[in-house]
Amino acid sequence: MATVDTFIPDIIQTTFFSGYTIFNTVVYTLVLLIFILAIIKMFKKLEIDPLSIFFSIVPFIFLGCSIRALVDNGVYPKTVFLITPGLYILVGLLTILSFLFSVFLFNKKGIDYRYTLFYIGLLFLLPNIILFSNLNFTAIFYIFITWIFVSLIFIIISLLVLYIVNYNRYSNFYLVLEKIINYKINFSIVLAHLFDASTTFVALEYFNYSEQHVLPNALNQLFDTYITIFPMKIIVIVAVLYIIDRYFEDTTVKNLLKLTVFVLGLAPGLRNILTLAIATI
């Protein structure tokens, strides 16, 4: 297996920079939890709702994903700071610093920090956008058709279930679906993860890519198809949103967790579609 162009020892490259294993997945999760706890304290100190930057951080998500896609296709070198997890730590720190600068301008000049953060992200993203050319529109078309189709199925089934169980409006099942369909943040999170699932499905089934994550690979081996990623995503994300809404009362904690889940869905989806879009098939 090829090593990463970096100064770190080979054993660390093999463990953390050569695909996903159960061990490094657990380590990444623990690091993410520590990162989240630190960010919660930051938002509490600033007295700002994390969901206020829900859409402002989208350019930064694009930034990380576009860099990773350009690395995958040999445009950028494969170094420790340009692949997982180094890249996302770097982009995460850049996002936080940009956010703090935006809040500083808001306190000093009254400039809306949400717009400042958004435009800073666009500024960082611009050089990468210029590098995207000769796009594979066939892959993009397959992904969006799949995403729209699966999302419509999810919406229709959810509405049907809501209608069927409408007589018991206080059942947990009804309340969960109602919060997903009627609350735009929850709905956006589900759509982000269905987008990620769609990009993965198309890449694996139609363009001969391989899956690096442990659970999707296990399900594929069990059922001999990657279509299982869609129900897996829906079950996991709906369950996670239910737990967040049901058991977390602190608004800052609840909303930051939702923001994190959104990023964890949109980021890999964007990386996949951008990788496919500029790949030579």
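The values are calculated or read from the model by the stated rules, or taken from the named source; none is laboratory data. These numbers come from a predicted model, not from an experiment. We place every Cβ from the backbone using ideal geometry, glycine too, and count neighbours over all the protein chains shown. Each accessible area value is taken on the protein alone, full model and side chains, heavy atoms only, with ligands, DNA and RNA left out. Shrake-Rupley method; radii C 1.70, N 1.55, O 1.52, S 1.80 Å.
Observations, loosely collected:
- Any hit, the range 36-49, residues being part of a helix (DSSP H, G or I), modelled with pLDDT of 90 or more and within 15 Å of the chain's Cα centre (by Cα): yes
- Candidate set from the range 112-137 (those that are free of Cβ contacts under 8 Å to residues at least 12 places away in the same chain and open to solvent by less than 80 Å² (accessible area, probe 1.4 Å)); member that is nearest to Ala197 (Cα to Cα): Pro127
- Checking Ile129, Ile164 one by one, the residue that is within 30 Å of Pro50 (Cβ to Cβ) and either at pLDDT below 95 or not assigned by the TED database to the domain that holds Val58 (or both) is Ile129 and no other.
- Number of the condition not met by Ile111 [criteria: (1) closer than 22 Å to Ile48 by Cα; (2) assigned to a helix (DSSP H, G or I)]: (2)
- From the options Ile156, Ile145, residue that is exposed (fewer than 14 other Cβ atoms within 10 Å of the Cβ), modelled with pLDDT of 90 or more, assigned by the TED database to the domain that holds Pro231 and not acidic (Asp, Glu): Ile145
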